[in-house]
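Here is the structure we will look at.
The values are calculated or read from the model by the stated rules, or taken from the named source; none is laboratory data. Quantities reported herein were computed from a predicted structural model and do not represent experimental measurements. Note that we place each Cβ from the backbone using ideal geometry, even for glycine, and neighbour counts take in every protein chain shown. Surface areas here come from the heavy atoms of the whole protein model, side chains and all, with no ligands, DNA or RNA. Shrake-Rupley method; radii C 1.70, N 1.55, O 1.52, S 1.80 Å.
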Amino acid sequence: MGKIKIIFFDIDGTLLRLRAKELSEKTVEALNRLKANGIRLCIATGRTPVSLPHFSGIEFDTFLTFNGSLCYNDTETIFSNPISPDDVQKLIRNADSLGRPVSVATKSGWLPMDLTLICRIITRLLIYN
């Protein structure tokens, strides 16, 4: 087996103990040892980019967000597979017909609002702008 080049970490219940807000000192030390050995650190999560926590004492190299449908680092988007705007509009209409709240998440933010306003915004918004 070759040398390990990258390690992927989930956040909740993996890097962070449940209900914790910060990494333990031991976890930060272990992550920094990995980086010192040339191993890239990647967050792999279902969270949106704007909901990713910043952990003091460690910098991650790459991020897989939206359960892998948006992967990026500080300089580039590596992979992006957003839901099409037409499908997003269908989901919003279906949720509205069921009386369910809805919010749309993009790389740069959340859009929780009423159906009419969401439909207007989505027609102008590029998903994962």
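If you take the square roots of the eigenvalues of the alpha-carbon gyration tensor of segment 16-74 and sort them as a ≥ b ≥ c, do you get rounded (a/c under 1.5), prolate (a/b over b/c) or oblate?
Numbers: a/c = 2.31, a/b = 1.25, b/c = 1.85.
Because a/c hits 1.5 or more and a/b fails to exceed b/c, segment 16-74 counts as oblate.
Summarise the accessible area of segment 12-52 (1.4 Å probe, protein heavy atoms) by the percent that is carbon and sulfur. Could you put the intermediate results ahead of the total?
On the way: 1290 of 2610 Å².
Percent of accessible area from carbon and sulfur atoms in segment 12-52: 49.
For GLY46, which sequence-distant residues (separation of 5 or more, or a different chain) have an amide H within less than 5 Å of its own amide H, given hydrogens modelled in the peptide plane?
For GLY46, the qualifying residues are ASN67.
Please report the orientation-averaged projected area of segment 57-99, defined via the convex hull of its C-alpha atoms, in nm². Kindly include the intermediate steps, with their values, before the conclusion.
Details: hull surface 19.1 nm².
Here the figure is 4.8 nm², rounded to one decimal.
Give the peptides 21-30, 74-83, 37-46 in descending order of average Cβ contacts within 10 Å, highest first. Working shown, then result.
On the way: 21-30: 13.0, 74-83: 11.0, 37-46: 15.9.
Going by the mean number of other Cβ atoms within 10 Å, highest first, we get 37-46, 21-30, 74-83.
Rounded to whole Hz and in sequence order, give me ³J(HN,Hα) for segment 11-21 from the Karplus expression 6.51 cos²θ - 1.76 cosθ + 1.60, θ = phi - 60°, writing x for Gly and Pro.
Taking θ as phi minus 60°, the curve returns 8, 6, x, 10, 5, 9, 5, 3, 6, 7, 10 Hz for segment 11-21.
With the crude spin-label approximation of a point 7 Å out along Cα→Cβ, what separation in nm comes out for ASN94 versus ILE4?
A separation of 4.0 nm, rounded to one decimal place.
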